[in-house]
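The values are calculated or read from the model by the stated rules, or taken from the named source; none is laboratory data. In this text the structure is predicted, and so the values were computed from the model without any measurement. Cβ: placed from backbone, ideal geometry, glycine included. Neighbour counts: every protein chain shown. What goes into the accessible areas is simple: the full protein's heavy atoms, side chains included, and nothing from ligands, DNA or RNA. Shrake-Rupley method; radii C 1.70, N 1.55, O 1.52, S 1.80 Å.
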Amino acid sequence: MPVLEITNLRKNFGGVKALDGLDFHVDKGEIVSVIGPNGAGKTSFFNIITGYFSPDEGDILFNDVNIAGHQPHEITELGIARTFQNVRLFPNMTVLENVMVAQHCRTTTGIFGTLLNTPAFRREEREIEERAKEVLAFFGKRLKGYRWDQPAFVLSYANKRRLEIARAMATMPELILLDEPTAGMNPMETAELTDLIRQLRDDRGYTVILIEHEMRVVRDVSDRVVVLDHGVKIAEGDYKTVSHDPNVIEAYLGRPSEAHNA
Amino acid sequence: MTHTLEQIDAPASSTPSPVDWSKVQKWGVLGGLTMSFIAAIGMVTALDQRLIISPWLSLGFLTLLWIPVVFGIIAATEDAETPGVAGDRDVISGLVTGLLSGLFFAFFIVIIDAFDLTDIFRNLGPKLVELLTFGRGVGVAAALWIISCGLLGLLGGTLKIAPRMARSMIGAAAMSVVGVALLEIIVTDITQGLRIEFVADWIYALNGGLTPASALVIAAGSALFGLRSDGSTLAERRLERMNLDPEVRFRKNVVAAVLTILAVIFLPMILGGLTNDLLANVGLFILMGLGLNIVVGSAGLLDLGYVAFFAVGAYTTAVLTSPLSPFYTPGWTLNFLSLEGAAVITIVLIMAVIAGVLVGTPVIRLRGDYLAIVTLGFGEIVRILFLSDWLAPYFGGAQGITNVPSAGLGPVEIRGTSSQAMFYLIAAFVGAAIYVAWRLQASRTGRAWTALREDEDAAEAMGINTTAAKLTAFVIGAIFAGFAGMIFAVKVGSIFPSSFKLLLSIIILVIVIVGGMGSIPGVIIGAVVLIGILGGPTQQGLLQEFGQFKLLIYGALLVVMMLKRPEGLWPNVRRQRELHQDEMSQDAWLMEESSQDKDGDS
Ligand SMILES: Nc1ncnc2c1ncn2[C@@H]1O[C@H](COP(=O)(O)OP(=O)(O)OP(=O)(O)O)[C@@H](O)[C@H]1O
Ligand SMILES: [Mg+2]
């Protein structure tokens, strides 16, 4: 049963066709990778799903609700979380606060509860903190202990990426969109994150869409791979089929000059 | 840890570095320029009557004499890149800087003596010349100025290399002599309250200022006090406090809070009317500052039209309770224990919320500068509406609304003229506002505001409805200002559109910035410094003499703060991080190194 079903998605930025009639779907519990050369429209695809841009044309059905044109916070509330290609943490909030604030749409205490310090408010604050710690524990030793109270900007690049994922998990989504989560990581960290991505699905039950340039990661975790180029889907299937597809090879290798200057 | 690092970084050689002549030149000329500027704007003339030590030193001359000392210290201080060994070069730098300033200033005196510049600069007339030459002719005066500035510069340079202890003693002595002299009004006021007038009579000379004897005693006493303290800087103490055990810190905070509350309850009883009135004004600005702090400091929305909400609160109260208003219903006053009073408060609250939503809805979609400009416009629109002939039947136009009756608490009347009662009333509101601001800060709402300020797009991805969160901040800020306006109306008894100028918005913003954006104690300190010491737009501060130079000092303060301490006097921890990310990153790196060492050991 598809969690997300997208038909005929179109988006133009001026003359640039970022997405050109894309059809796409993810089933529950699937890990789908979206790959393609630079400027293929992958990030734009995420931005449209999560409401940062509204599509020019096309439907986006999330659990049979059309979310095209909804506000980003509404979409998060419906159950789609994302990370950003260029890390967008709250740099001066602590690691723990970053994950606590991510539960905003799952919690309810308003101003009056806060001011009156009601038992419900205190219980909820405690729950928010516990849940934040629980989510951070997913990353093992990486984001534990003294790190909780460190401001996010002091983290290493790899840890920033992990914290972004933790924040996405804390919004309690059904579907997680990861935009190049291993960018900037060394091979060991990449391998570790590859395992975690699999665990996101196997242990936590999230459905995952992954944008990734690192082909080893794509090969190791994907149930299915979708290849975009110039906003068009040029191939789809398991990693092996796709990696041997002549269209894909041409998209990546055939025009090296284009791949370089993006 | 920093200690060992310093040792590593320190150069091995111990040869004193040579005098940095370009720096000395720069600060010497700058000192002379500053002195000339202060004389030219009339500060010296205006403050000449106000004595610090009778009859030798007036505040007017003090505004000049601190310059060679401070600039001497600055010129003697090595740049961070070339730390040298303290020694003769510092003394020489100070001396030459002072001499240069003196030379420049002497030249200035010669010029204003030779040419009549009163057409261009009103203050550069014979009166100033007379004052600056001590009536002895230009030549003598010029020599005197050069020599004394040189000596003061020398003092600065010497202070620089003096042991820390000596420095803190001299600093404490100078500060307390000037402080006690400036606080003449308040000290007299307090001694009257305590019925120990003779103390004030002994400290102060008949024509104002300390007597030489009392100045000596105060200097000696506070120097001893400086000797007693361990000479650690404020920053060090703050760091120490931050590293305290959370439990100890909590206990200390509780003690501080209890002491503050006791002081708020008992101080007004011993303070005189003048001081109470001053504190009441400070409280009013704290109330507004706390509100604006939520909007600007927490949510990051630069609102330059904040005064509009203050005006709405004041006019609503006046319209409801003044017998001269067309909406007046007999019996309606702001009596906090009556139904009518409750109705007034509720209506003020509702009007503030409506105003907040009306102004907020169109502007919160804008970002940064645009938001600032548009809110500025709204602030002016509100004032002009109250001023307009069109609405004059309701709001009185330029004549405003007068005869606003006093507030009350059951049978007790809280007159605007009774500064003690007014103080308690405002203190109650400020207390409530502090509680609200403090609770919100560490809550779901407060976290959402912070996230919003840090990265709006990412905040949306967390499911935060940014429009709603911003509007909430706007409305809460409006409510604070609305209540401040309500109290203002009953305090002064009559309100006019001219009380709600743009300047007020700016001053409240300066309070928030100087105190430390996003910091509750910062707002309080900012209001005390700006309103209490310097005075508000129409309110007198402790240093009434500086009244006409208030805006200049505000501006100078703001510039110095932005350059030297952008996080404010009492910064919010997060804000401090924001502005010192590099240093913090380094600290964190060091911590990590050491913690990894520990891991390795275990
Ligand atoms: N906000 C925007 N305004 C104008 N053009 C845009 C905008 N966002 C993306 N584009 C354009 O749309 C095209 C697709 O960009 P997109 O960022 O989606 O590529 P991508 O596949 O994520 O590339 P990369 O691998 O480099 O991240 C590019 O040509 C880009 O210049
Ligand atoms: Mg991209």
Legend entry - Answer residue from the stretch A:25-51, given it is touching a His at 6+ places or on another chain (Cβ under 8 Å) and among the hydrophobic types (A, V, I, L, M, F, W, C) and is nearest to A:Phe62 (Cα to Cα) among those: A:Ile35
Inset, instruction - Specify the residue that is farthest from ligand 1 (Cβ to nearest atom); the eligible residues are those in the stretch A:162-180 that are away from chain B (no Cβ under 13 Å) and open to solvent by 10 Å² or more (accessible area, probe 1.4 Å). - result: A:Glu174
Legend entry - Verdict on A:Phe112 being within 13 Å of chain B (Cβ to nearest Cβ) and either loosely packed, with under 15 Cβ neighbours inside 10 Å or within 25 Å of B:Ile434 (Cα to Cα) (or both): yes
Inset, instruction - Could you tell me which numbered condition B:Cys149 fails, if it satisfies all but one of (1) touching a Gly at 6+ places or on another chain (Cβ under 9 Å); (2) without any contact (Cβ under 8 Å) to a residue 40 or more places away in the chain? - result: (2)
Inset, instruction - Only residues that are part of a loop (DSSP other than H, G, I, E, B) and open to solvent by 10 Å² or more (accessible area, probe 1.4 Å): list them for the stretch A:85-106, please. - result: A:Gln85, A:Asn86, A:Val87, A:Arg88, A:Leu89, A:Pro91
Inset, instruction - Pick out the one residue from B:Ile479, B:Ile464 that is within 14 Å of chain A (Cβ to nearest Cβ) and not in a helix (DSSP H, G or I). - result: B:Ile464
Inset, instruction - Could you list all residues from the stretch B:158-214 that are open to solvent by less than 30 Å² (accessible area, probe 1.4 Å), assigned to a loop (DSSP other than H, G, I, E, B) and free of Cβ contacts under 8 Å to residues at least 60 places away in the same chain? - result: B:Ala162
Legend entry - Failed item, numbered, when A:Thr83 is tested on (1) within 16 Å of ligand 1 (Cβ to nearest atom); (2) facing chain B (nearest Cβ under 8 Å): (2)
Legend entry - Every pair of residues 6+ apart whose Cβ atoms lie under 8 Å, when the first sits in the stretch A:172-196 and is in contact (Cβ under 8 Å) with a residue 40 or more places away in the chain while the second is of a type in the set (Phe, Trp, Tyr) and assigned to a helix (DSSP H, G or I): A:Leu177/A:Phe46; A:Asp179/A:Phe46
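Being more than 14 Å from chain B (Cβ to nearest Cβ), more than 15 Å from ligand 1 (Cβ to nearest atom), buried (at least 18 other Cβ atoms within 10 Å of the Cβ) and of a type outside the set (Gly, Ala, Ser) is true for just one of A:Ile60, A:Ile67, A:Ile35. Which residue is that?
Just a single option satisfies the conditions, and that option is A:Ile60.
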Inset, instruction - Tell me, please, whether a residue that is open to solvent by 60 Å² or more (accessible area, probe 1.4 Å) and either under 18 Å from B:Ser499 (Cα atoms) or in contact with a helix residue (DSSP H, G or I) (Cβ under 9 Å, 6 or more places away or on another chain) (or both) can be found in the stretch B:370-377. - result: yes
Legend entry - Top-ranked residue in the stretch B:415-445 [being within 8 Å of chain A (Cβ to nearest Cβ) and outside any loop (DSSP other than H, G, I, E, B); ranked as farthest from A:Ala102 (Cα to Cα)]: B:Tyr435
Inset, instruction - Considering every residue within the stretch A:35-42, establish whether at least one is modelled with pLDDT of 90 or more, touching a helix residue (DSSP H, G or I) at 6+ places or on another chain (Cβ under 9 Å) and away from ligand 2 (no atom under 16 Å from the Cβ). - result: no
